[in-house]
Amino acid sequence: MLSLDEKTIRASFVNATRKELSDLTIPDLAAVDFDRLDYLGWRDARLSKRAYFVVHLADGPVGVVLKQADGAPRSRAQCSWCQDIHLPNDVVMFGARRTGAAGRGGNSIATLICSNFECSTNVRKKPPMAYIGFDVEAARLQRIAVLQDRAAAFATDIALGS
């Protein structure tokens with residue numbers, strides 16, 4: 001992932017209200033290893049049910065405000081993005097309001113995501129050997145590509161607002 005600065009992050013949000021943008025807490029970007037991320041995701045330290053993610057699309061970075069659904073995190077669920085079957089973390093349902101008239105009308109979409117956005121770490125772990133001759137590195141690279149596609153597709157779906 002290309003590195004981001006605070007100004008770029010704030011400008012990238014497609015489904016945020018002015019209030020949400022003013023309340024937005026940016027993580028410590030100096031501590032972020034952008035080379036090992038497929039998207040930047042973080043939870044709001046002040047608002048426990050709110051989270052954010054930013055992903056690079058063809059036209060530039062797109063940020064999405066997420067809201068955690070009510071209910072406890074699921075330890076036996078599978079993240080829709082990294083699809084890791086040996087998750088070391090919980091998975092939660094996050095929803096996001098679509099842009100434009102659809103979002104103003106209450107239209108939103110939701111997905112199961114690792115609770116603290118650990119997907120990039122999960123897909124970089126070497127998968128177990130499935131069979132003799134299994135190309136572990138090719139499988140790992142495939143998982144990274146699938147994660148990038150799924151995160152981008154979610155952001156695109158929100159941005160299109162339809």
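Using only Cα atoms, locate the centre of the stretch 98-147 and the centre of the stretch 40-92, then give the distance between them in Å, rounded to an integer.
Each part's Cα centre sits 10 Å from the other's.
Within 10 Å of each candidate Cβ there may be at most 16 other Cβ atoms; applying that plus a DSSP loop requirement, which trypsin sites (Lys or Arg not before Pro) in the stretch 11-117 survive?
Within the stretch 11-117, the qualifying trypsin sites (Lys or Arg not before Pro) (loop, at most 16 other Cβ atoms within 10 Å) are Arg46, Lys49, Arg76.
With the crude spin-label approximation of a point 7 Å out along Cα→Cβ, what separation in nm comes out for Asp70 versus Lys7?
The modelled label-to-label distance comes out at 4.2 nm.
For each of Lys125, Lys7, count neighbouring Cβ atoms within 10 Å of the residue's Cβ, then give the residues from fewest to most.
Least crowded to most crowded, the residues run Lys7, Lys125.
Pairs of alpha-carbon atoms within less than 8 angstrom and 6+ residues apart define the contacts here; what relative contact order does the chain have, in percent?
Result for the chain is 22 percent.
Scan the chain and report its longest stretch carrying no chymotrypsin sites (Phe, Trp or Tyr not before Pro) that are both in a DSSP loop and have at most 15 other Cβ atoms within 10 Å. Spell out each step's value before the answer.
Working: sites that count: Tyr131, Phe134.
For chymotrypsin sites (Phe, Trp or Tyr not before Pro) (loop position, at most 15 other Cβ atoms within 10 Å), the longest site-free span of the chain is 1-130.
Charges only on Cβ, +1 for Lys and Arg, -1 for Asp and Glu: so what's the dipole of the stretch 6-160 about the Cα centre, in debye to the nearest 20?
Computed about the Cα centre, the dipole is about 480 debye.
Kindly write out, for the stretch 139-146 in residue order, the coupling ³J(HN,Hα) from the Karplus curve 6.51 cos²θ - 1.76 cosθ + 1.60 (θ = phi - 60°), rounded to whole Hz, with x marking Gly and Pro.
My calculation for the stretch 139-146 gives 5, 5, 5, 5, 5, 5, 4, 5 Hz in order.
With all pairs of different alpha carbon atoms counted, what Kirkwood hydrodynamic radius in Å does the chain show?
Evaluated on the chain, it is 16.4 Å.
Positive end of the charge dipole of the stretch 6-160 (Lys, Arg +1 and Asp, Glu -1 on Cβ, about the Cα centre): tell me which of Asn107, Asn89, Leu21 has its Cα farthest that way.
Value: Asn107.
Can you sort Thr99, Thr156 by how many other beta carbons sit within 10 Å, fewest first?
Thr156, Thr99
Of Ile113, Ile9, how do they rank once you tally other Cβ atoms within 10 Å and put the fewest first?
Ranking Ile113, Ile9 by Cβ neighbours within 10 Å, fewest first, gives Ile9, Ile113.
Bear in mind that the values in this text are calculations on the coordinates, not laboratory data. The structure presented is a predicted model; accordingly, all values stated were derived computationally and were not measured. Ideal geometry is used to build each Cβ from the backbone, glycine not excepted, and the neighbour counts take in all protein chains shown.
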